[in-house]
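Quick one: the structure is below, and I'll ask about it shortly.
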Amino acid sequence: MTSNWTPDSWKQFPASQQPLYPDPVELRHALQQLLKFPPLVTSWEIDHLKSGIAAAQQGDAWLLQGGDCAETFDECQTEQIASKLKLLLQMSLVIVFASRKRIVRVGRIAGQYAKPRSSHIETQDGLSLPSYRGDIVNRFEFSDEARRPDPHRMLRGYERSALTLNFIRALSEGGFADLHHPENWNLLFVNEARGEVARRYKELVRSLGDALRFMETILEGSTVSELKRVDFFTSHEALLLDYETALTRPSVRGIGYYNMGTHLPWIGERTRDPKGAHVEYFRGIRNPIAVKVGPTIQSEELLDLIRILNPENEPGRLTLIHRMGRRHIENQLPGLIETVARSGARVLWVCDPMHGNTVSTTSGRKTRRFDDIVDELRLSFAIHHAFGSALGGAHLELTGENVTECTGGSRGLTDSDLESAYQTQVDPRLNYEQALEIAFEIAGKLTESRA
Ligand code: PEP
Ligand code: CO
């Protein structure tokens with residue numbers, strides 16, 4: 001067991017990005033209830049994901065992680081959940097077809113409710129209120145009552161996560177996920193669409209007969225019936241430490257504590273201080289974990305994180321998600337790759353081409369340009385290759401809805417098109433076509449590296 005660690009030893013360390021709950025008694029009551037609720041996932045599932053990530057570290061699998069920047073309680077609805085799953089299944093089909101590697105599918109889903117903010121306070125027209133920190137903390141509406149951090153929202157968040165997860169489990173186990181029937185994954189609005197990407201995807205599905213044959217060859221010993229279900233894992237930024245602690249439970253096998261609220265918790269760019277509370281919390285849980293690394297990280301800091309978070313160099317334990325931005329990646333990534341290689345640390349390198357590429361339009365909308373996203377992804381593949389490393393996955397903000405939040409892509413969305421279906425309250429997401437285009441891009445790169 002990890003020394004001097006308990007599920008709440010993080011309380012001895014500075015915890016950034018936590019809400020200031022006005023009523024400690026209310027907070028205690030909410031947490032007492034949460035502690036009694038059953039876990040959302042099991043230690044066996046978590047270990048299974050860890051072995052998938054270990055395989056990706058060996059180059060035998062690829063990690064596809066995607067979903068909303070922030071889920072909302074209102075959008076815990078059939079279509080929204082199913083569309084996200086359909087899109088991730090379509091994307092993994094495109095990637096597996098080209099890479100012939102196992103795809104480890106992880107949603108930013110069933111618990112992605114807490115958001116880091118640049119300030120505790122937001123001011124509008126002279127009125128200052130607490131910032132919106134995600135639905136698990138407070139409400140988006142700009143009013144005194146809505147913005148008050150409410151600990152009972154943790155219970156609502158747990159329930160929404162359970163509802164979402166229940167639906168995901170049913171879909172991934174049953175006929176829905178059957179690779180022999182990818183028509184189940186068609187999105188309603190895409191059937192009428194005549195877009196180039198949708199056409200390419202349909203063509204790919206038509207040649208699925210071949211795909212099934214080779215998949216049955218590469219997934220050694222598997223039978224057709226094993227292709228009737230998929231593994232689908234959950235992840236979220238484990239930001240709200242009170243919530244995460246309440247879902248941290250000892251395994252019945254006596255092998256330590258797991259965060260049983262999600263399979264793959266990650267540490268965000270703003271909370272990865274090696275001396276901070278988040279790193280202390282993560283150090284003691286047995287889940288596979290990920291850390292976002294942005295352009296300001298120094299080699300020493302990265303080595304500290306690796307040493308604290310994976311002292312035994314355990315396979316599958318640590319994923320590093322670089323999110324440098326198109327402008328910084330060529331300068332920043334090579335040094336980090338060399339640092340990690342020299343240390344002998346086992347990590348999975350994943351590219352998040354979204355969070356370093358957020359810009360504002362002249363009308364003040366937050367957006368991301370598709371070309372920046374694709375460029376960062378392409379450069380990631382190239383830089384890893386040049387430095388004797390390998391990119392093992394992608395982390396994306398996307399939705400199965402027909403939104404207009406990122407510009408560019410095969411339809412050439414412009415700044416002024418953003419108004420037509422801009423729905424996110426936080427970061428701009430790839431829409432269906434843009435996400436599928438990224439999947440084809442990844443597939444192309446993985447095919448090149450096979451050649
Ligand atoms: C996010 O993933 O939504 C996020 C806030 O990312 P980062 O921590 O990389 O800024
Ligand atoms: Co985001």
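The values are calculated or read from the model by the stated rules, or taken from the named source; none is laboratory data. Here the structure is a predicted model, which means the values were calculated and not measured. Cβ sites come from the backbone with ideal geometry, for glycine too, and all protein chains shown count toward neighbours.
Go through Arg368, Arg323 for me and flag whichever is surrounded by 15 or more Cβ atoms within 10 Å (Cβ to Cβ), within 16 Å of ligand 1 (Cβ to nearest atom), in contact (Cβ under 8 Å) with a residue 60 or more places away in the chain and farther than 26 Å from Pro274 by Cβ.
On the way: Arg323 fails: farther than 26 Å from Pro274 by Cβ.
Going through Arg368, Arg323 in turn, just one is surrounded by 15 or more Cβ atoms within 10 Å (Cβ to Cβ), within 16 Å of ligand 1 (Cβ to nearest atom), in contact (Cβ under 8 Å) with a residue 60 or more places away in the chain and farther than 26 Å from Pro274 by Cβ: Arg368.
Inside region 404-451, can you point out the residues that are within 16 Å of ligand 1 (Cβ to nearest atom) and part of a loop (DSSP other than H, G, I, E, B)?
Glu405, Cys406, Gln423, Thr424, Gln425, Val426, Asp427, Pro428, Arg429
Okay, next question. Among the residues of region 395-418, how many are farther than 18 Å from Asp375 by Cβ and touching a residue at least 40 places away in the same chain (Cβ under 8 Å)? It would help to see each step written out before you state the result.
We begin by selecting, within region 395-418, every residue farther than 18 Å from Asp375 by Cβ; these are 399-405, 411, 414-418.
Right, trim to touching a residue at least 40 places away in the same chain (Cβ under 8 Å) and you get 399-402, 411, 415, 418.
Result for region 395-418: 7.
Looking at this structure, is Thr72 part of a strand (DSSP E or B) and either within 16 Å of ligand 1 (Cβ to nearest atom) or at pLDDT 95 or above (or both)? Before the answer, list the steps.
Values: part of a strand (DSSP E or B): no; either within 16 Å of ligand 1 (Cβ to nearest atom) or at pLDDT 95 or above (or both): yes.
The answer is no for Thr72.
Of everything in region 400-451, what is modelled with pLDDT under 95, among the β-branched types (Val, Ile, Thr) and within 22 Å of Ile321 (Cβ to Cβ)? Give them in sequence order.
Residues satisfying the conditions are Thr424, Val426.
While we're looking at this one, here's another question. Failed condition for Arg147, given (1) over 21 Å from Tyr21 (Cβ atoms); (2) in contact with a Leu (Cβ under 6 Å, 6 or more places away or on another chain); (3) of a type outside the set (A, V, I, L, M, F, W, C), with all others met?
All conditions are met except number (1).
Part of a strand (DSSP E or B), buried (at least 22 other Cβ atoms within 10 Å of the Cβ) and within 20 Å of the chain's Cα centre (by Cα): is that true of Leu63 in this structure? It would help to see each step written out before you state the result.
On the way: part of a strand (DSSP E or B): yes; buried (at least 22 other Cβ atoms within 10 Å of the Cβ): yes; within 20 Å of the chain's Cα centre (by Cα): yes.
Yes, satisfied.
Pick out the one residue from Tyr257, Tyr243 that is farther than 21 Å from Leu27 by Cβ and either away from ligand 2 (no atom under 16 Å from the Cβ) or aliphatic (A, V, I, L, M) (or both).
Values: Tyr243 fails: farther than 21 Å from Leu27 by Cβ.
From the options Tyr257, Tyr243, the qualifying one is Tyr257.
Yes/no per residue for (1) closer than 17 Å to Glu244 by Cα; (2) in a loop (DSSP other than H, G, I, E, B); (3) within 16 Å of ligand 2 (Cβ to nearest atom):
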{"position": "Gly111", "(1), (2), (3)": "yes, yes, yes"}
{"position": "Tyr132", "(1), (2), (3)": "no, yes, yes"}
{"position": "Arg139", "(1), (2), (3)": "no, yes, no"}
{"position": "Phe142", "(1), (2), (3)": "no, yes, no"}
{"position": "Ala146", "(1), (2), (3)": "no, no, no"}
{"position": "Pro149", "(1), (2), (3)": "yes, yes, no"}
{"position": "Tyr158", "(1), (2), (3)": "yes, no, no"}
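Looking only at region 251-266, which residues are within 16 Å of ligand 1 (Cβ to nearest atom) and either touching a Lys or Arg at 6+ places or on another chain (Cβ under 7 Å) or in a loop (DSSP other than H, G, I, E, B) (or both)? I'd like the intermediate steps shown before the answer.
Just the residues of region 251-266 that are within 16 Å of ligand 1 (Cβ to nearest atom), to begin with: 262, 264-266.
Residues satisfying the conditions are Thr262, Trp266.
Same structure again: Please verify whether Ala382 is assigned to a loop (DSSP other than H, G, I, E, B) and on the phi < 0 side of the Ramachandran plot, treating the condition exactly as stated. Spell out the reasoning first.
Values: assigned to a loop (DSSP other than H, G, I, E, B): no; on the phi < 0 side of the Ramachandran plot: yes.
No: the conditions fail for Ala382.
Starting from region 115-132, take each residue that is over 16 Å from Arg270 (Cβ atoms) and list its partners that are within 14 Å of ligand 1 (Cβ to nearest atom) and in a loop (DSSP other than H, G, I, E, B), counting only C-beta distances under 8 angstrom and pairs at least six apart or across chains.
Ile121/Ser131; Glu122/Ser131; Glu122/Tyr132
Let me ask you something else. Filtering region 1-54 down to residues that are among the polar types (S, T, N, Q) and part of a helix (DSSP H, G or I), which residue is surrounded by the most Cβ atoms within 10 Å (Cβ to Cβ)?
Filtering region 1-54 down to residues among the polar types (S, T, N, Q) leaves 2-4, 6, 9, 12, 16-18, 32-33, 42-43, 51.
Filter again for part of a helix (DSSP H, G or I), leaving 9, 12, 32-33, 43, 51.
Details: Ser9: 16, Gln12: 11, Gln32: 10, Gln33: 15, Ser43: 20, Ser51: 14.
Filtering first and then ranking leaves Ser43.
When you scan region 392-399, do you find a residue that is within 27 Å of Pro116 (Cβ to Cβ), within 16 Å of ligand 1 (Cβ to nearest atom) and part of a loop (DSSP other than H, G, I, E, B), even just one?
Quick first cut of region 392-399, residues within 27 Å of Pro116 (Cβ to Cβ) only: 392-399.
From what is left, the residues that are within 16 Å of ligand 1 (Cβ to nearest atom) are 393-399.
After this cut, where a residue has to be part of a loop (DSSP other than H, G, I, E, B) as well, the list is 399.
Checking region 392-399: at least one residue is within 27 Å of Pro116 (Cβ to Cβ), within 16 Å of ligand 1 (Cβ to nearest atom) and part of a loop (DSSP other than H, G, I, E, B).
May I pose another question? Can you tell me which residue within region 345-359, out of those that are touching a helix residue (DSSP H, G or I) at 6+ places or on another chain (Cβ under 6 Å) and within 12 Å of ligand 1 (Cβ to nearest atom), is nearest to His322 (Cα to Cα)?
Cys351
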